[in-house]
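To start, the structure under review is shown below, and the notes come after it.
The values are calculated or read from the model by the stated rules, or taken from the named source; none is laboratory data. Computed from a prediction, not measured in an experiment: that's the story for all the values here. Cβ sites come from the backbone with ideal geometry, for glycine too, and all protein chains shown count toward neighbours. Accessible surface areas use protein heavy atoms only, side chains included; no ligands, DNA or RNA. Shrake-Rupley method; radii C 1.70, N 1.55, O 1.52, S 1.80 Å.
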2 protein chains.
Amino acid sequence: MPRSGEQVRLRLQEAALELYLERGYDKTTTGDIAARAGVTERTFFRHFTDKREVFFDGQAELIELLTGALAAVPAGTRPLPALRAAFHQAVPLIEQNLPVTERRHPVIAATPALRERALAKNAALIDALTDALRARGVTDQLAPLCAQIGTDTYAAAIHRWATDRTDDLHTHLDRAFTDLRLSANALK
Amino acid sequence: MPRSGEQVRLRLQEAALELYLERGYDKTTTGDIAARAGVTERTFFRHFTDKREVFFDGQAELIELLTGALAAVPAGTRPLPALRAAFHQAVPLIEQNLPVTERRHPVIAATPALRERALAKNAALIDALTDALRARGVTDQLAPLCAQIGTDTYAAAIHRWATDRTDDLHTHLDRAFTDLRLSANALK
DNA sequence: CGCCCGGCGTCAGTAACTGACGTTATTGTG
DNA sequence: CACAATAACGTCAGTTACTGACGCCGGGCG
């Protein structure tokens, strides 16, 4: 059983967020974060592989939730409708994480290194959804394309929702997928 | 007028590619690259901002070509057809760069740090295309989504073409956009 | 009570970058 | 054909992200 490792981890995350907001990402060292969390720099790197990773946690939960939801969609459902249904299942988790996400967002937007990592995390989600689509019988040709496009639409919906919160996330989700359908219909 | 800076830049790129292929990205230092190019480590960082950037050059040309091609598409053309037309214009450049791309690909695939940078470069392209779409009168809501989806489709086409070269890149491009249309049509 | 072990501290080391300053080679000018 | 101007490079010192090795310490378990 761990001593109190999980609490140290949480303190490190909170300390990093605070310092990144106060001084900016570049002007805070990993030693600063560790000091505010009451540990040494070495302990920081025992909990997080690098300075960026402390900002992106709980991604595994989202991937498990979405792949699980995708597997639960009735067989025979086409890829993009299946993805849309899975994303609807994730709405509560996203709404619940909004307070943290809103604090992180300006830091990520202002820091290229963090944007790169955010893109990498998104790519990992797409890879997982690609595998989940293949497990549903989607072609190797079609699975990566649909996973990518579906995730993009989902991301667009979240962005619209975060900037204009007059409507529900469910509503934005359906609206974004409708935009996708209408835009794609203009091809040919 | 510069001394011979451009040749040094090219030697550094070639040296980096060779060393990354020989020992792998992690086991080659920036000093190694500089030494093989016949310069010092400091000079490496005068030509490239970091160790990853030496691998991603000529992105500006592609962005200029695509945004220019997008601006040249007849007004009134819907976003995704316009993007498809622009991507067709870039086919010669991509075919011409294939030899270099093929050498870089295995290194990028094996190196997470380089994949992150590749994703960032792709994101920069999407941002440029988003602006170009807005200049064509596309909504702020629709422009980012279409730029993202169009670029994804274009990337899928290139990937299919690179792995199965029996067909033309033009053919793969049209096929991928058709896949997009058919997949999106399954929404409702 | 003593053993075990997981988490932490300490120390030393590597390598990616950065700023400051001096040096060389090329180019335009009289 | 000198000769200044300047862009590119070398040198040096420094910071910081990250890693491996080893020792310590506290808590569970027989």
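Observations on the structure shown:
- Rel. contact order, % - alpha carbon contacts under 8 angstrom, at least six apart, chain B: 18
- Projected-area mean, the protein assembly as shown, by convex hull of Cα positions, square nanometres: 22.4
- Average projection area in nm² (convex hull over Cα atoms of the stretch B:56-185, one quarter of hull surface): 8.1
- Whole-angstrom gap from the stretch B:126-148 to the stretch A:5-30, using each part's C-alpha centre: 35
- Karplus-based coupling profile of the stretch A:157-165, in residue order and whole Hz: 5, 5, 5, 4, 5, 5, 8, 10, 8, with θ = phi - 60° in 6.51 cos²θ - 1.76 cosθ + 1.60 and x standing for Gly or Pro.
- Buried area at the A-B interface (accessible, heavy atoms, 1.4 Å probe, summed, Å²): 2900
- Inter-copy label distances at A:LEU65, shortest first and taken from points set 7 Å along Cα to Cβ: 4.2 nm.
- Counting only DSSP H runs of at least 4 residues, each contributing -39500 (n - 2.57), and dividing by the residue count of chain A, the helix-based mean residue ellipticity at 222 nm comes to -25000 deg cm²/dmol.
- For the stretch B:5-53: rounded, prolate or oblate by the Cα gyration tensor [a/c cutoff 1.5]: prolate
- Principal semi-axes in Å for the stretch A:1-122 [√(5λ), Cα gyration tensor, largest first]: 32, 17, 12
- In order through the stretch B:62-71: 3J(HN,Hα) via Karplus (6.51 cos²θ - 1.76 cosθ + 1.60), integer Hz, x for Gly, Pro: 4, 4, 4, 4, 5, 5, x, 5, 5, 5
- In this label model, A:ASN185 and B:LEU65 are separated by 3.5 nm, measuring between points 7 Å along each Cα→Cβ vector.
- Partner lysines whose Cα lies under 24 Å from the Cα of B:LYS51, excluding those fewer than 8 positions away in the same chain, are identified as A:LYS27, A:LYS51, A:LYS121, B:LYS27, B:LYS121.
- log₁₀ of I(q)/I(0) at q = 0.21, 0.25, 0.30 Å⁻¹ - the stretch A:132-188, Debye sum with one point per alpha carbon: -0.83, -0.96, -1.08
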